[in-house]
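Rule-based calculations on the coordinates, nothing more; no lab input. Bear in mind the structure is a predicted one, so any value in this text is a computation, not a measurement. Because the Cβ atoms are built from the backbone with ideal geometry, glycine has one as well, and the counts that use them run over all protein chains shown.
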Amino acid sequence: AGYDPVLFGHTDTTVDPRTVLEADPRLEDYEGHLPGFRVGLDLPEDREAWFQWLGGRGHDVSDRKRFLRPRDDVPIPEGRGASWPPSPFAADETETAFVVGEILEELEKCQTVDDPWFVHASIYRPHPPFVVPEPYHDLVDPVDVPAPIVDQEGVDLPFVDAAHRFSVYRPPKNDLDLRQVRATYYGMMAEVDAQMGRLLEGLDALEMSEHTIVVVTSDHGEMLGDHGLMSKLGFFDQAFHIPLIVRYPALGESTVAGRVVDSFTENLDVMPTLLDLIGAEIPRQCQGQSLRSFLDGSMPEGGAPEGWRTSVHWEFDFRTWAGAVGLSGHSCNLAVHRDHSGKYVHFAGWPAIFFDLEKDPDERQPLSDHCEMSNYASALLDWRLTTDEQVLSDHLALPGGMIVLDG
């Protein structure tokens, strides 16, 4: 379609080991670049480009770790927890501010040419470590944040017990420190939001907004102490229910600004949506669906296209735990089938569980027996079978040549 895809940040992409020699250095890093992108800014988790930028602004970056933790020279006031102190840099010097600045420079270049452009902006925050500069570090009082969701007494889940073997998944033991982490996280979200506003204002200033598709989404959520867990893992909604915001003014007056879509969508809908909006062909291997009818006003509010999905699915692989949890590596995985009424979680190495979301919307009481479990298990199996590899399996070699079967 003539676009020049540019990457700012990083994508977690490793080269296929079957296609390269064993000594290929790309096999040493999972933060490779997605093939097809021109790299505008390489910013993996070592953050080296950001540290160099901070150094150019007068910071002593010899001790890089101090930029990833709260200041230790600021006393913590009463009513605040351990993650309250701000970062040792200003709000206009965050990783996000750095990335957005680099993107705006690229957009200024794009403005001078007529060619279409595409930017993938990998905004790392909000993400551990839990620290944010002034004024965001004190934006939310820990007293005002919702308390973490606590499972009902007596709940014993092998998966959660296994996760607690690793410190990264254990929340702070002190209640104030846990509430502060949640408050700090909200401050981190606000900081990213401010930088997203700066990016959108930049599009306005360059007079590019009206013909630019903006998609904001994420690759995962954060447990933040709910169900006794931290980080991104497992099967709870907190780790997998993510935002998806789409703006495209060029759709015209029919665009329904501010509409909230309650129908199930998934990240695999993003690619076909973008291709549809720019008039490009959607490859047959795309298993997602275009969201255009939700965006252009052709779908009534609360409605969904015929045949739209009525459930969502995800999987979680935790084979790196194998040596610590008494399961083989291939048994360390789970799959989820979730609709509006219930959630079924199938483990390869442990008994399945079910949540009755109509009675238990916070998922505090996992059930080992429920009248709908077999139906949900069957639906999960149907999904696995119908979404298996479809690119080559649909091909059939015949004397007259290869044909592609209708999916």
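Rounded, prolate or oblate, given the Cα gyration tensor of segment 275-367, with a/c below 1.5 counting as rounded? Because a/c hits 1.5 or more and a/b fails to exceed b/c, segment 275-367 counts as oblate. Taking the Cα centre of segment 200-276 as origin and assigning +1 to Lys and Arg Cβ atoms and -1 to Asp and Glu Cβ atoms, the resulting dipole is close to 160 debye.
Helices assigned as whole DSSP H runs in the chain whose Cα atoms extend at least 15 Å along their own long axis and whose mean Kyte-Doolittle hydropathy is -0.5 or higher are found at 95-111, 175-205, 373-386. Applying the criteria of a DSSP loop state and at most 15 other Cβ atoms within 10 Å to the trypsin sites (Lys or Arg not before Pro) of segment 5-70 yields ARG57. Spatial offset of segment 57-88 relative to segment 347-371 amounts to 41 Å, using the alpha carbon center of each. Couplings 3J(HN,Hα) for segment 397-404, derived from phi with the Karplus relation 6.51 cos²θ - 1.76 cosθ + 1.60 (θ = phi - 60°), are 8, 10, x, x, x, 5, 10, 10 Hz, where x marks Gly and Pro. So what is the relative contact order for the chain, in percent, with contacts set as C-alpha pairs under 8 Å and at least six apart? Relative CO of the chain lands at 11 percent. Between GLN285 and SER263, the simple label model (points 7 Å from Cα in the Cβ direction) yields a spacing of 2.7 nm.
Within the same chain, aspartates and glutamates fewer than 8 places from LYS109 are excluded, and of the rest, those with a Cα less than 19 Å from its Cα are ASP4, ASP42, GLU201, ASP204, GLU207, GLU210. Diffusion of segment 311-407 by Stokes-Einstein, at 10 °C in a medium of 1.306 mPa s and with Rh set to the Kirkwood radius over alpha-carbon pairs, works out to 101 µm²/s. The length gained by stretching the chain between ASP388 and LEU104 to full extension, at 0.36 nm per residue less their Cα-Cα distance, is 98.2 nm. Here's how it looks for GLY342: its modeled amide H is under 5 Å from those of LEU357, which are all 5 or more places away or on a different chain. Spatial offset of segment 115-145 relative to segment 245-307 amounts to 27 Å, using the alpha carbon center of each. If only the Cβ of Lys and Arg carry +1 and only the Cβ of Asp and Glu carry -1, the dipole of segment 4-261 around its Cα centre is close to 480 debye. With Cα atoms defining each centre, segment 161-226 and segment 1-22 are spaced 25 Å apart in the structure. Projected onto its three principal axes, the C-alpha set of the chain covers 73, 64, 54 Å, listed from the longest axis down. When the GluC sites (Glu not before Pro) in segment 96-187 are filtered for DSSP coil states and for at most 15 other beta-carbon atoms within 10 Å of their beta-carbon, the remaining sites are GLU153. Under 23 Å of direct C-alpha separation, and excluding same-chain neighbours fewer than eight residues apart, LYS343 reaches these lysines: LYS232, LYS359. Between ASP369 and GLU210, full extension at 0.36 nm per residue minus the direct alpha carbon distance yields a gain of 51.9 nm. A DSSP coil position with no more than 15 other Cβ atoms inside 10 Å describes the following GluC sites (Glu not before Pro) in segment 301-407: GLU301, GLU306, GLU358, GLU372, GLU389.
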